[in-house]
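A short write-up of the structure that comes next.
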Amino acid sequence: MRLRFSNSITFKMTLLVLGFTSLVFALVLGYNYSYSRKIILEEAEMKARNLTLSVANKIEQEFRAVTKVPQHLVSFLKTNDYNKMTLNRIIREMVADNPEVFGSVVGFESNAFEKGLQSYSPYYYRTRNGIKYLQLGSASYNYFQRDWYHLPKVLKEPLWIEPYFHRRGGGIIMTTYSFPLLERAKDGAATKVKAIVSADISLEWLTWLVASMRLGRTGYGFIMSDIGTIVTHPREEWIMRQSIFSLAEEYGDSRLRQIGRAMIREESGFVELGSTLTGEDAFIAYARIPSPGWSLGAVFPRSEIFEDVCVLYERTVLLAGLGLVLLLIVSALMARSMARPLLQMSEATRRVVRGDLDIDLSGIRRKDEVGQLAQAFARMVAGLQERERMQQSLNLAKEVQQNLLPKSNLKVNGFDIAGKSVYCDETGGDYYDFISIGDNDKQKIGVAIGDVSGHGISSALLMATVRSSLRQRASLTGNIAKIISDVNRQLVQDVEDSGQFMTMFFLALDTATRQLEWVRAGHDPGIVYDPGSDSFSELGGSGIALGVDAEWVYEDNKKTDFSNGQIIFLSTDGVWEARNKKGEMLGKKPILNAIRQNSSSDATQIIDAIFDILNKFIGEVKIEDDITSVVIKNNKFEKL
Amino acid sequence: MRKPLILLFLILWFPSVNTVFAETPLKKVSLIPQWIPQASFAGYIVALEKGFYLEAGIDLTLHEGGPDKSSFAQVSAGKATFCSGWLAYAIAQRVSGLRVVNLAQIIQRSALMLVARKSSGIKRPKDFNGKIVGLWEGQWRVQPRIFFHKFDVKVRIVPAYTSMNLFLKGGVDAITAMWYNEYHKILNSGLNPDELSLFFFSDFGLNMPEDGLYCMEETFKADPQLCARFVQASLKGWLYAFNHEDETVELVMKHADAAHTGTNRAHQRWMLTHMKALIMPEGDKNRLGKLRPEDYTHAGQLLKESGMIDRLPRFDDFYVGSQ
């Protein structure tokens, strides 16, 4: 199964790390940014409020200073006598002594200065060439109808007048402080206005002061009167022409109107302004100048307040971005370095599956878990190689052992001898052999069947020893009991303390005389079937297994009539102790039945039938013990 | 080579064609409004700027009016051909011997009003009792006087002049204002409509037309066609102004700035839209420029009642415009 990149460790790990890191960055930066903005705004507000309050205070001091001028003049006029000359002198002095005063006038009510004098208004004012005098009232200037005169007359109180241009449509912006000179009426009832004393001040210093307010790059200050008229502003075309309310109307900004009203009514404030005054969203801090009731506003664009923090965060985001890219690279490299040995091992596995055990993982020189895995893998492959070698050895051993078993079945003098052996491992401890006994005359045949304790290589070695020992001894003289006893003695020496032993059933058949001799050394008795009488009998006898007691003397047993058609069946216990998948044992009955049913066939066929039943019974289950059987059939027909 | 020559020939020929076909040279006349350049004279400014007077064969000079000049005095002194002015004032002038005639009645309804602060306790006419009211002098006192008399209230009257500061600084509880001018100034000084009580004299049976176009009787008799053409062009100017608000506001601002009046677009726009309601009430084009006899009679009654005149001149002697 090919590895898709999207499933790989490299991809997944990188994605995960990157994803989570980005998320964490985003959260942290986002929170930081919004919190910073909050703090910055609060700081900006504080600074702005302080600035506007302090400047407003300065302006207030100036205004207060000016109010003194008419105030003093009025006190003087109230308490002293005066004529044209003294009046002129005092007005002139007032102007001379107070540089912030541009000009000063005392305007009298009709007949109030002198009977018959309809109007009298001495006015002193500054020029480049010193302080000049003129009568303010004239044919073209009816001072009675002017605000500076009319308003304090009606109100009977001092007040600051709405600012105006010094010259028509332009010039210096001025404002006037008027103080009414009241006198008690002759009948002592109501007070009457006798004259209005005014001081004009130029607002140039105000314009300059406000223009010099430091409010960042594009922020600025402005002043508006108590009816909203713009008195100073960076946009000259607005001065004295627009009020904050007319601007609000022209730009359709109702919030601006409300702010204007708030500025007139409240002492100070800090609010969001919208974009009408500066073209972009801004904040405004404002403070009232109590004496004239005017308002100072400090406007600064929102973008400027957050400019620094924006730049900071742009940089931070950039750095974070770079960091993420680096992280991406490092993470990918790390993941790959981890994945590569795994891929190498995966590739090595493929080769192992194909049978190529010659793999070299020495390139993986890591000390971590992956390195451990690589080492374990290498050990495993070495183990596999070892097993492979062992398997080869076993296979060789199997070949050798198979060659030790009879290569073919015997048919001698009418006797049919067939044997079959199935090992549960490559090598086994079961064995059977057909041996010629005595002096090579081929008439006496020895049939041995044996079962070494256990199975596997150790049993196989023992089986080979016994086989050759038996063959060697059988070729010498002696009866089979002696033969077996000698073999036993030898075997006891060979097995020493290993505890191994071998059961054996050795049968000697004289094919001429049909005489049977046998020795039973701890093995299951042979079974004889007589088809004529359909009966089974045993070839018993006593004797312990070989390899146990060196001094044991074995007995031989004899049977004289091995008649036609009779079948001798020798087997190891693996046959009837074979289990099927249910765990049931085959038992002897099916075997006996097989012998019975196939009694007319030859030995080979009988063996095959038995093994057939065995295989069918066992099924897919792995056999636990070696299975060996030998069938000897007397096929000789006796001539009667 | 031939095309440019033909073009050149046509260019040189055309003006001469014009002069050949023009019957008479342009008549040089002048108009003096009764106040500073503002949107209440938009019709004349537009007619001048868009060439309507020129089309009518009139070379018009538009004088700058103001508080220091009486428009009727200028006309009677021969310093201007035509003037714009109040009906009440014109009738009073005619009665006192100045032979002016009304060529057209522009403003059909009274825009005069009293503006009071609700917080001074004035909500209905009767509440004026004992209050201080700022009133403009002269013909502007006709309606208020009758109003106070009608509701039997005693008020202390204080003269009001051009600024509204007397009212804004709290010197008076109420003040006269024009709906299209000073009222808006009060609003743009920071007062909201819901803080004010408004009294329109036209709502109290004291309605009468205001601005109209006048000239000396001799001027009219000497050339009635000229006067008619002048009125036509002026009315055409007003119609254009009502249909082209933005352009008109710009033209008015141009004239106002030239006279350094220190106004702004928001104010002129307000004035222009309110002029439309006063000059063409309910959008009725048929009444444009006409003085109705019943309105003239009613105005005369109010003037008599207030003592400004003792008799009302004949309608046909006074009004020479279209019926």
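The values are calculated or read from the model by the stated rules, or taken from the named source; none is laboratory data. Note that this is a predicted model, so its numbers are computed, not measured. Backbone-built Cβ (ideal geometry, glycine too); neighbour counts: all protein chains shown. When the accessible area is computed, the model is the full protein with side chains, heavy atoms only, and any ligands, DNA or RNA have been set aside. Shrake-Rupley method; radii C 1.70, N 1.55, O 1.52, S 1.80 Å.
How do the pairs read when you match residues in the stretch A:516-536 that are aromatic (Phe, Trp, Tyr) with residues anywhere that are at pLDDT below 90 and assigned to a loop (DSSP other than H, G, I, E, B), using Cβ under 7 Å and keeping only pairs 6 or more apart or on different chains?
From residues that are aromatic (Phe, Trp, Tyr), the pairs are A:Trp518/A:Gly541; A:Trp518/A:Asp556; A:Tyr529/A:Gln566; A:Tyr529/A:Ser599.
Would you check which residues across the stretch A:227-250 are assigned to a loop (DSSP other than H, G, I, E, B), at pLDDT 95 or above and open to solvent by 20 Å² or more (accessible area, probe 1.4 Å) and list them?
Correct list: A:Ile227 only.
Within the stretch B:194-206, work out how many residues are away from chain A (no Cβ under 13 Å) and touching a helix residue (DSSP H, G or I) at 6+ places or on another chain (Cβ under 7 Å).
6
Of all the residues that make up the stretch A:592-605, how many are touching a residue at least 24 places away in the same chain (Cβ under 8 Å) and either closer than 15 Å to A:Ile568 by Cβ or aromatic (Phe, Trp, Tyr) (or both)?
Selection size over the stretch A:592-605: 7.
Name the residues in the stretch A:144-168 that are surrounded by 13 or more Cβ atoms within 10 Å (Cβ to Cβ) and touching a His at 6+ places or on another chain (Cβ under 9 Å), would you?
Passing the criteria: A:Phe144, A:Phe165.
Give me a count of the residues in the stretch A:51-91 that are under 24 Å from A:Leu206 (Cα atoms) and either open to solvent by less than 60 Å² (accessible area, probe 1.4 Å) or of a type in the set (Lys, Arg) (or both).
Looking only at that region, the number is 15.
Please specify each residue of the stretch B:153-168 satisfying the condition of being modelled with pLDDT of 95 or more and either open to solvent by less than 20 Å² (accessible area, probe 1.4 Å) or assigned to a loop (DSSP other than H, G, I, E, B) (or both).
Of everything in the stretch B:153-168, those that are modelled with pLDDT of 95 or more and either open to solvent by less than 20 Å² (accessible area, probe 1.4 Å) or assigned to a loop (DSSP other than H, G, I, E, B) (or both) turn out to be B:Val153, B:Lys154, B:Val155, B:Val158, B:Ala160, B:Met164, B:Asn165, B:Leu166, B:Phe167.
For the structure I just gave you, tell me whether A:Glu157 is more than 60 Å from the chain's Cα centre (by Cα), within 12 Å of another protein chain (Cβ to nearest Cβ), of a type in the set (Asp, Glu) and under 26 Å from A:Pro99 (Cβ atoms).
no
Filter the stretch B:173-193 down to the residues that are more than 7 Å from chain A (Cβ to nearest Cβ) and either open to solvent by less than 10 Å² (accessible area, probe 1.4 Å) or within 16 Å of B:Leu278 (Cβ to Cβ) (or both) and list them by number.
Scanning the stretch B:173-193 gives B:Ala174, B:Ile175, B:Thr176, B:Ala177, B:Met178, B:Trp179, B:Tyr180, B:Asn181, B:Glu182, B:Tyr183, B:His184, B:Ile186.
Looking at A:Leu461, A:Leu476, A:Leu470, which is the one that is on the phi < 0 side of the Ramachandran plot and either assigned to a loop (DSSP other than H, G, I, E, B) or surrounded by fewer than 17 Cβ atoms within 10 Å (Cβ to Cβ) (or both)?
When all the criteria are applied, what remains is A:Leu476.
Quick one: how many residues across the stretch A:510-569 are part of a loop (DSSP other than H, G, I, E, B) and among the β-branched types (Val, Ile, Thr)?
6
Name every residue in the stretch A:216-226 that is open to solvent by less than 20 Å² (accessible area, probe 1.4 Å) and part of a loop (DSSP other than H, G, I, E, B), in order of residue number.
Result: A:Gly219, A:Ser225.
Are any residues in the stretch B:230-283 more than 14 Å from chain A (Cβ to nearest Cβ), over 16 Å from the mean Cα position of the chain (by Cα) and part of a loop (DSSP other than H, G, I, E, B), and if so, which ones?
B:His244
Which of (1) open to solvent by 40 Å² or more (accessible area, probe 1.4 Å); (2) over 29 Å from A:Gly30 (Cα atoms); (3) touching a Lys or Arg at 6+ places or on another chain (Cβ under 9 Å) does A:Pro341 not meet, given it meets every other one?
(1)
Does the stretch B:146-172 hold any residues that are on the phi > 0 side of the Ramachandran plot and facing chain A (nearest Cβ under 10 Å), and which are they?
Hit for the stretch B:146-172 is B:Gly170, nothing else.
Among A:Phe270, A:Phe306, which is the only one that is away from every other protein chain (no Cβ under 14 Å) and under 20 Å from A:Ala56 (Cβ atoms)?
Going through A:Phe270, A:Phe306 in turn, the sole match is A:Phe270.
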